[in-house]
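What follows draws every value from the coordinates through simple rules; no lab data is involved. Owing to the predicted nature of the structure, the values given are computational and were not obtained by experimental measurement. Glycine gets a Cβ as well: all are built from the backbone with ideal geometry, and neighbour counts include every protein chain shown.
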Amino acid sequence: MGTTQSGIHRGRLAPTEYETNFSDLHPRLDDHEALVAADRCYFCYDAPCMTACPTSIDIPLFIRQISTGNPVGSAKTIFDQNILGGMCARVCPTETLCEQVCVRNTAEHRPVEIGRLQRYATDVAIATNTHFYERAARTGKAIAVVGAGPAGLACAHRLAVAGHDVVVFEAREKAGGLNEYGIATYKAVDDFAQAEVDYVLSIGGIEVKNGLKLGRDFTLSDLTANFDAVFLGMGLSGVNALGAEGENLPGVVDAVDFIAELRQAADKATVPVGRRVVVIGGGMTAIDAAVQAKLLGAEEVTICYRRGKEQMNASEFEQDLAASKGVMIRHWLQPKRVIARDGHVAGIEVEYTEMRDGKLTGTGETGVLAADQIFKAIGQTFEPAGLGSLAMASGRIAIDAEGRTSVANVWAGGDCVKAGEDLTVTSVAQGRDAADSINRMLAAGAQPSIAVA
Amino acid sequence: MADLRNNFVGIKSPNPFWLASAPPTDKAYNVERAFKAGWGGVVWKTLGEEGPPVVNVNGPRYGAIWGADRRLLGLNNIELITDRDLYTNLREMKQVKMNWPDRALIASIMVPCEEESWKAILPLVEETGADGIELNFGCPHGMSERGMGAAVGQVPEYIEMVVRWCKQYTRMPVITKLTPNITDIRKPARAAKAGGTDAVSLINTINSIVSVDLDNFAPNPTVGGKGTHGGYCGPAVKPIALNMVAEIARDPETYGLPISGIGGITTWRDAAEFLALGAGNVQVCTAAMTYGFKIVQEMISGLSDWMDSKGHRSLDDICGRAVPNVTDWQYLNLNYIAKAHIDQDACIKCGRCHIACEDTSHQAITQFVDGVRHFEVMEDECVGCNLCVNVCPVENCITMVGLEPGTLDQRTGKVVDPNYANWTTHPNNPAARQAAE
Ligand SMILES: Cc1cc2nc3c(=O)[nH]c(=O)nc-3n(C[C@H](O)[C@H](O)[C@H](O)COP(=O)(O)OP(=O)(O)OC[C@H]3O[C@@H](n4cnc5c(N)ncnc54)[C@H](O)[C@@H]3O)c2cc1C
Ligand SMILES: Cc1cc2nc3c(=O)[nH]c(=O)nc-3n(C[C@H](O)[C@H](O)[C@H](O)COP(=O)(O)O)c2cc1C
Ligand code: SF4
């Protein structure tokens, strides 16, 4: 079964192969495995892992709760800091966050499996539908959140807990942001993203309005006029262009669109993929597109990155994962021209690069890689629309330490701001902290102001 | 190669490792397997009187506590003495002893505290060719309620009386097994000696409730909704057993009385510790019940290799070597001063030493030095208590270093005195003050 035909085709594999290929990358630990893994935690004082976690989860405490047979209490410890702790457990590059600084690395070069333990505890709570928070008495304040990604959801949840009414405006059909449309399939199986959205929204007081897009259907000033506060968490919706001839040919695709299509496909066999695929880029998106193209049955998948291995944004773990799936990663190559045959992609001409006087430069030496599909994964960009005079910094929304923008009563966080890494967990932290800042502002406003003489 | 041959009150065995009287020694099948695996001797599961045997519960008999990765640390049981017919046991003992003449076979006995009962059973046992007898004065449950086991072991006069009967009615060596469920272990040991015992063995199991079933609010193991206290054994009881062995070994009244050491022995190292504190050989139960008989191979090779590496040629070279170094607190040298030292290369920066000392001791370990996470002992605060050493997860990362006489103790501001001085003469000791006046 399946096909090795050249061109872009669906159904390259037998049905059972799709199932195996897109199954859980790290299945949930069973009870015994969790106890053994939890037992390795030293319950460090002022633990380095806690500091490394962007949401500062009390990791030693939640692991100790697992080891004493209290996974539900453990889940609460996690959710207290990170209401999307379930997704973070699956997608965080722990090898560069909490697990990187685990003292067990010094002791024996193998950290405590913090991510997998976090998943164990949060899965128990979500699977048993155990909820930990109740809304405070309604405050009568209304807050608009734009974007139902990790940043927007974390912000909305905190605000709802405080008793405010929240309306989330979401351009897409489903909530979840890149958790739903971007994260690699094998990291969040069984529709976990939607299960988590439901879990978060069950707090009440949050209304998600899908299909409404800022800049197209309303503007920021509409929101500031009608709400007590606004949080912007739109992520990055633009994609960088290759700047190479022929990039609009059919067969040249945005990696994020390919990934979204794959995530949304109930039957992965319906997603077409090339026989030879070239991915241009060096980040997480490039890796995810390449690996998933391979898993869909592409015969040959090559990532071309214009700098060296050290400069790749994709973590060591991600690079190893790609290599283990048979993806070839090539460095110091930049795209020059997409080559067409019969109006379709047939290959890509690339040029070798080098660092010259601290600048990346083409060497003039070129070559051609045969390809019938090319994915662009050279970075996403922020597309401002309907934001009026909102101040920007490096192409994204400018914020202060608390997440406040240049416009009064407007906060922002997540990928659409220039702060921290572009990660799910960072976005959660920023959404949550913005909510705390909004709460403080609203609480102060509720106090009778006293003139300080 | 070190000579591991053992001669305990005239009973010879190829090594000092015996199986204690318990399920591993309940019948020929097990004992044959044990001897094949290499055990030097066995104390057969305790025999009772002639007649219908005792019955055991038909539900769970054991409870346990576990450490990391469910490693068994302590076992608790509510089993009684053998529940098989006396003559079946005797027949099997005789056969096994014939098959394994070079191994020690001891009969453990528990019959009512009446002269006639002991007089009746001793010739039957002697007829099997057993090398000796062990008097079970230890079982803390079931049998004690019937006036046997610990009920006898807790009354020194009874011990002396029964031992005397046994010495009168048999030529076999008598080992008196002591219960730890008593305040001062020296009392029953002295009584056994007064009765003429050849040796004592200890400890039997400790009264315990190992855990409580929180769903049914009943002790574990729960038999039909109820539980009872059982006998505790395994690695967790070793420190208690070691102390009791040492107490008897250094008591002037029982000094030199042969001791068979029992309680929590799991590795060769545990065994060597018992021997050093005065035991002439050791008995093992829980470790065999946890891992099977093969562990004796590790025990034999470990003890032998250690003795070789230290130049000890026979068991006599190590037995009792630590006894002179066990003393009373009041004789410890108060002029010995030690400070903790953290090996920065070995430190993994978990911070446990810091929080232990900071929260619960003497605030003598830094958390930050120049703003960097760094754990270091402040010698002007350290009292040398050793807590940090014990909570550190890395072996040998923190060590206690004794201060040289003549150097300054930064905590007290005093120079370390080279002379030995203990509490009996310390100025803060009211008794010492009175004597001086
Ligand atoms: C392919 C890929 C793989 C990734 N893998 C990982 C990973 O493994 N681990 C990890 O930690 N991070 C990963 N990331 C990064 C991570 O997904 C993001 O950092 C995170 O989702 C950002 O959250 P956010 O809420 O800021 O934005 P998003 O998740 O992008 O959510 C923004 C939401 O706003 C909506 N929106 C956008 N514009 C408008 C508008 N004008 N009006 C209304 N709604 C709007 C969008 O539809 C979307 O739902 C990956 C990213 C990509 C692209
Ligand atoms: C299930 C079980 C049954 C026992 N039965 C007896 C017995 O019949 N007679 C006896 O003298 N000791 C009995 N003991 C006590 C052991 O012989 C031994 O003294 C005790 O377990 C301590 O040694 P250990 O820590 O190596 O197990 C029993 C112990 C266990 C666990
Ligand atoms: S020995 Fe005791 S007082 Fe000294 S540093 Fe360690 S824990 Fe603190």
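About the Cα centre of the protein assembly as shown, what is the dipole size in debye to 20, counting +1 per Lys and Arg Cβ and -1 per Asp and Glu Cβ, all else neutral?
Dipole of the protein assembly as shown, to the nearest 20 debye: 740 debye.
Along the positive direction of the dipole of the protein assembly as shown (beta-carbon charges: Lys, Arg +1; Asp, Glu -1; about the Cα centre), which of A:Asn210, A:Val277, B:Trp118 reaches farthest?
Of the candidates, B:Trp118 comes out farthest on the positive side.
State the answer as a single residue: which of B:Pro430, B:Gln410, B:Ala356 lies farthest towards the positive end of the charge dipole of the stretch B:356-437, with beta carbon charges of +1 for Lys and Arg and -1 for Asp and Glu, about the Cα centre.
B:Pro430
So which residue, out of B:Arg103, B:Arg190, B:Arg61, gets the largest mean-square fluctuation from a GNM of chain B using Cα contacts under 10 Å as springs?
B:Arg61
Long-range amide H contacts for A:Val273: which residues qualify at under 5 Å (H placed 1.01 Å from N, peptide plane, sequence gap of 5 or more or a different chain)?
It is A:His9, A:Arg10, by chain and number.
Per DSSP helix of 4 or more residues, -39500 (n - 2.57); summed, then divided by the residues of chain B. What does that give at 222 nm, rounded to the nearest 500?
Value at 222 nm, helices only, nearest 500: -8500 deg cm²/dmol.
With Cβ to Cβ distances under 14 Å as the rule, what net charge do the other residues near B:Glu379 carry (K, R +1; D, E -1)?
Around B:Glu379, the charge tally is -2.
Taking the mean number of other Cβ atoms within 10 Å as a proxy for protection, how do you rank A:155-165, A:328-338 from highest to lowest?
Per-residue Cβ counts within 10 Å, averaged per peptide and sorted highest first, yield A:155-165, A:328-338.
Calculate, in whole percent, how much of the Cα-Cα pair population of chain A lies beyond 40 Å.
On the way: 23609 of 102378 pairs.
Result for the distance tail: 23 percent.
Could you point to the residue in B:Asn207, B:Phe35, A:Val168 farthest towards the positive end of the protein assembly as shown's charge dipole, with +1 and -1 charges on the Cβ of Lys/Arg and Asp/Glu respectively?
B:Phe35
Compare the peptides B:223-233, B:424-434, A:414-424 by average per-residue count of other Cβ atoms within 10 angstrom and give them in order, highest first.
Highest-to-lowest ranking by the protection proxy: A:414-424, B:223-233, B:424-434.
Please list, by residue number, every one of the trypsin sites (Lys or Arg not before Pro) in the stretch B:236-317 that is coil in DSSP and has at most 16 other beta-carbon atoms within 10 Å.
On the way: sites: B:Arg250, B:Arg269, B:Lys294, B:Lys310, B:Arg313; in loops: B:Lys294, B:Arg313.
For trypsin sites (Lys or Arg not before Pro) across the stretch B:236-317 that sit outside H, G, I, E and B with at most 16 neighbouring Cβ atoms in 10 Å, the list reads B:Lys294, B:Arg313.
Within straight cross-link reach of A:Lys336, meaning Cα distance under 23 Å, which lysines are found once same-chain residues fewer than 8 apart are removed?
The reachable lysines, counting only those whose Cα sits under 23 Å from A:Lys336, are A:Lys309, A:Lys359, A:Lys376.
Suppose every Lys and Arg Cβ carries +1 and every Asp and Glu Cβ carries -1, with no other charges. What dipole size does the stretch B:32-98 come out with about its Cα centre, to the nearest 20 debye?
340
Quick check: the angle from helix A:255-264's long axis to the longest principal axis of chain A, C-alpha only, nearest 10 degrees?
Helix A:255-264 and the main axis of chain A meet at about 70 degrees.
Is the stretch A:176-286 rounded, prolate or oblate when judged by the Cα gyration tensor, a ≥ b ≥ c being the square roots of its eigenvalues, rounded requiring a/c under 1.5 and prolate requiring a/b larger than b/c? Working shown, then result.
Details: a/c = 2.75, a/b = 1.47, b/c = 1.88.
Since a/c reaches 1.5 but b/c is at least a/b, the shape of the stretch A:176-286 is classed as oblate.
What is the average number of partner chain Cβ atoms found within 10 Å of a Cβ in B:389-399?
1
Quote the relative contact order of chain A in percent (integer), defining contacts as alpha-carbon pairs under 8 Å separated by 6+ residues.
Relative contact order here is 18 percent.
Where the centroid of each part is defined by its Cα atoms, how far is the stretch B:212-245 from the stretch A:378-431 in Å?
Spelled out, the Cα-based centre of one part sits 60 Å from the other.
Need the list of lysines near B:Lys27 for cross-linking: C-alpha distance under 27 angstrom, and skip anything on the same chain fewer than eight residues off.
Counting by Cα, and skipping residues close in sequence, B:Lys27 has these lysines nearby: B:Lys12, B:Lys36, B:Lys45, B:Lys94, B:Lys97, B:Lys119, B:Lys167, B:Lys177, B:Lys238, B:Lys294.
Show me A:191-199, A:239-247 ranked by packing, highest mean number of other Cβ atoms within 10 Å first. Don't skip to the end; give the middle numbers.
Working: A:191-199: 18.8, A:239-247: 16.0.
So the order, starting with the most tightly packed, is A:191-199, A:239-247.
Could you size up the charge dipole of chain B around its Cα centre, putting +1 on the beta carbon of Lys and Arg and -1 on that of Asp and Glu, and report it in debye to the nearest 20? Let's see the in-between values first.
Working: 39 positive and 50 negative charges, 200 e Å.
In total the dipole reaches around 960 debye.
Looking at the protein assembly as shown only, what percent of DSSP beta bridges run antiparallel? Nearest 5 please.
Here the antiparallel bridges make up roughly 45 percent for the protein assembly as shown.
As a test of the formula, what do you get for chain A when each DSSP H run with n ≥ 4 contributes -39,500 (n - 2.57) and the sum is divided by the residue count, at 222 nm and rounded to the nearest 500 deg cm²/dmol?
On the way: 16 runs with 155 residues, N = 453.
Using -39500 (n - 2.57) per qualifying helix, the result is -10000 deg cm²/dmol.
Can you pull the mean other chain C-beta count within 10 Å for peptide A:101-112?
Mean number of neighbouring Cβ atoms from other chains: 2.
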